[in-house]
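Just below is one structure, and these are the notes that go with it.
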Amino acid sequence: MLRSAITIRKRIIIAAVIQAIVICLICGFGYVSFNAILTKLQAIEIIDDVNIAFLEMRKAEKNFFLYRDLSSLEELVQIGKKQYAVLQHSRSYLVTRLHGISHEEYSNWLGNLSHYLDLVQQAVQKKEVPPRSEAEIRKLGHDLTAQSATLLVRERKTVSDIVSYSLIMLLASLGIIFVIQVVLWQYFFRFIIQEITIMGKMIKMVSEGRFHEVAVRTIAPTNEIQVAVKAITDMARELEKREQELVQSGKLASLGVLISGVAHELGNPLNNVSMIAQTYLSLYDLLGDEEKKNYMEDVFTQSERIKKIVENLLDFSRQKKQELHDIQIGDLVQRSLALVGNQLKISKVKHTVFIADHLPPVSVDVSQIQQVLVNLFINAIQAMEGGGELFIDASYDQEHDMVVLAVRDTGTGIKKEILPNIFDPFFTTKSTKGTGLGLSVSYGIIRQHNGEISVESEEGQGTTFIIKIPAKGKDKGE
Amino acid sequence: MAKKILVIDDEKIVCDMAKKILEAEHYEVETFTDSQLALERIRTQPFDLVVTDLKMENVSGMDILKEVNRLYPETRVIMLTAYATLDATIEAIRERIYDFFPKPVKIDELKQSVKKALGDL
């Protein structure tokens, strides 16, 4: 995948560069806009001054025509010359700054002003205004102010346009920044969050003891988070290995107890074979062919029985890779009881098994769950010195879709103060007889199956262990 | 009239073989794999000799021994066992057990013991 081929360091650098470029562009544009407004305003200020001066000239002109006062005209010429000098001086500045006026127009405008002033000056010199000139003066005066006013209006409108345009560009820039952030999130940062979320889930699984689900993931890290994720899967693999070793140690501990029971269990079929052989030899002459055949068949049946006992034990003791199979919990209970059958008999423990009808199957590692059950049965038997009763009850918890197995004994019970510690590794009440691995390993196994194991106990009354394992529903079938 | 022997063992083969061997010695043999039924049988009918396993479901060999002692003090009891603990042995001796055979049982020795118990040797 492309997205994971980029390291986070690169992603952050690319994102920062893109953001910096966008911000520079926006600032540059802002600078250009404001600069344009500023120069326009300076130009407008000049025109505005000129316009005011023209209005004053018109006022002086009107005064002359009303009162025939020549000093008004002198004043007009004075103002006019000053403005002419200003406009002449600012010519190139204004023409380049003010887009609303061309060189020709400007020259025309200046020409008008010059002509106007000439006419007025002539009138001042002659101390009178010929009627033909009067009309021309009035017209020129009017045109001059009209031109400057028009120019002013036009330029003000231009400034207002620039301001509106800048405003729109500002909003657009915000939009662009927003879009870029969304794009960066989508293509750069979302994946970081996603990968961290995945990592979080994996860490949670490890903390819950579900090492296998994490350990089986293969990761070729291409970025920093994936390096961390790979470290987690490596850790889970190592933990899984350790746990398997622990499970095996727990199993060996159970095996020590089982083996004496099994040795005794072998006693019966061995005795049978021995007795058949002795009887066969002793009564050889008296036995018919059919009877002899029956005897040998019995020997065979008994040797099969021995084989089965030994196989069952070997099967239990063998270290295996975790493998999930669909199985009925009842079968698991029977298989486990078979291993401790003799122990129950020797210890005078009666057992009652109740398996609810139509239980859904569970998907479990048969050997591991058997280990848990054997361990619980042995604990129960050891808690009932001098005999007692063992109740095994399997039911279905519809609400949580779990198969529930309760193992209850009528033994000595567990002291309240040590009840919270019983699932701790190496915690034992059996001094040298126990390793303290049984229940902690059982706990680990059940958690690995996404199940729960809990205990209820009352001193002197007995103990109940409750195991819940997710049912293998039809919808979850593979 | 043939002497009556009761054989009790969870294992059918033990019962069958003991019956075969002892019948060959002209004894009348009755066998039970269910010790509860055997106990009920003892209560209705005396036997000349009882051969019983020690560890059994339902009623144990020790209970059979006690019941036989209570009902028929003259009847002798021979016990077979796959796992004889010292405690069980002592208890059996106190209950005046006649003989004790660890499994696997040597049939000739059992036969000799039966004959001796019944005064046929």
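The values are calculated or read from the model by the stated rules, or taken from the named source; none is laboratory data. Because the structure is a prediction, the values reported are computed rather than measured. Every residue, glycine as well, gets a Cβ built from its backbone with ideal geometry; the counts of neighbours run over all protein chains shown. Ligands, DNA and RNA are stripped out before the accessible areas are found, and what is left, the full protein with its side chains, is counted by its heavy atoms. Shrake-Rupley method; radii C 1.70, N 1.55, O 1.52, S 1.80 Å.
If the condition is being of a type in the set (A, V, I, L, M, F, W, C), surrounded by 12 or more Cβ atoms within 10 Å (Cβ to Cβ) and within 20 Å of residue A:135 (Cβ to Cβ), then region A:56-103 contributes A:57, A:60, A:64, A:65, A:70, A:73, A:76, A:77. Does residue A:439 satisfy being within 23 Å of residue A:243 (Cβ to Cβ), surrounded by 15 or more Cβ atoms within 10 Å (Cβ to Cβ) and modelled with pLDDT of 90 or more? Here the answer is no, as residue A:439 does not meet what is asked.
Summed over region A:293-335, the residues that are small (Gly, Ala, Ser) and away from chain B (no Cβ under 14 Å) give a count of 2.
Residues that are surrounded by fewer than 16 Cβ atoms within 10 Å (Cβ to Cβ) and touching a Lys or Arg at 6+ places or on another chain (Cβ under 8 Å) within region A:223-249 comprise just one, A:224. Taking the criterion of being open to solvent by less than 20 Å² (accessible area, probe 1.4 Å) and within 13 Å of the chain's Cα centre (by Cα), the residues of region B:18-27 that qualify are B:18, B:22. Every test in (1) under 30 Å from residue A:87 (Cβ atoms); (2) surrounded by 12 or more Cβ atoms within 10 Å (Cβ to Cβ) is passed by residue A:161 save one, and that test is (2). Picking from A:281, A:258, A:252, A:266, which residue would you name as being over 20 Å from residue A:426 (Cβ atoms), in a helix (DSSP H, G or I) and open to solvent by 60 Å² or more (accessible area, probe 1.4 Å)? None of the other options fit; the residue is A:281.
Taken over region B:4-17, the criterion of being within 14 Å of chain A (Cβ to nearest Cβ), open to solvent by less than 10 Å² (accessible area, probe 1.4 Å) and closer than 20 Å to residue A:302 by Cα is satisfied by B:9, B:14, B:15, B:17.
Residue under question is residue A:182, and the condition is that it be more than 14 Å from chain B (Cβ to nearest Cβ), under 29 Å from the mean Cα position of the chain (by Cα) and open to solvent by 20 Å² or more (accessible area, probe 1.4 Å); does it hold? Considered against the rule, which asks whether it is more than 14 Å from chain B (Cβ to nearest Cβ), under 29 Å from the mean Cα position of the chain (by Cα) and open to solvent by 20 Å² or more (accessible area, probe 1.4 Å), residue A:182 comes out as yes. Within region B:94-121, restricting attention to residues that are open to solvent by 20 Å² or more (accessible area, probe 1.4 Å) and within 12 Å of chain A (Cβ to nearest Cβ), the residue that is nearest to residue B:66 (Cα to Cα) is B:102. Residue count for region B:64-74 under the criterion of being open to solvent by 70 Å² or more (accessible area, probe 1.4 Å) and either within 20 Å of residue B:110 (Cα to Cα) or within 14 Å of chain A (Cβ to nearest Cβ) (or both): the result is 1. Number of residues in region B:28-55 that are within 14 Å of chain A (Cβ to nearest Cβ) and surrounded by 17 or more Cβ atoms within 10 Å (Cβ to Cβ) equals 8.
Within region A:437-465, residues that are touching a residue at least 24 places away in the same chain (Cβ under 8 Å) have Cβ atoms under 9 Å from residues that are open to solvent by 60 Å² or more (accessible area, probe 1.4 Å) and aromatic (Phe, Trp, Tyr) in these pairs: A:437/A:426; A:439/A:427; A:440/A:426; A:440/A:427; A:453/A:443, counting only partners at least 6 apart in sequence or on another chain. Is it the case that region A:341-359 has a residue that's β-branched (Val, Ile, Thr), more than 30 Å from residue A:240 (Cα to Cα), surrounded by fewer than 17 Cβ atoms within 10 Å (Cβ to Cβ) and within 10 Å of another protein chain (Cβ to nearest Cβ)? The answer is no, given that none of the residues of region A:341-359 is β-branched (Val, Ile, Thr), more than 30 Å from residue A:240 (Cα to Cα), surrounded by fewer than 17 Cβ atoms within 10 Å (Cβ to Cβ) and within 10 Å of another protein chain (Cβ to nearest Cβ).
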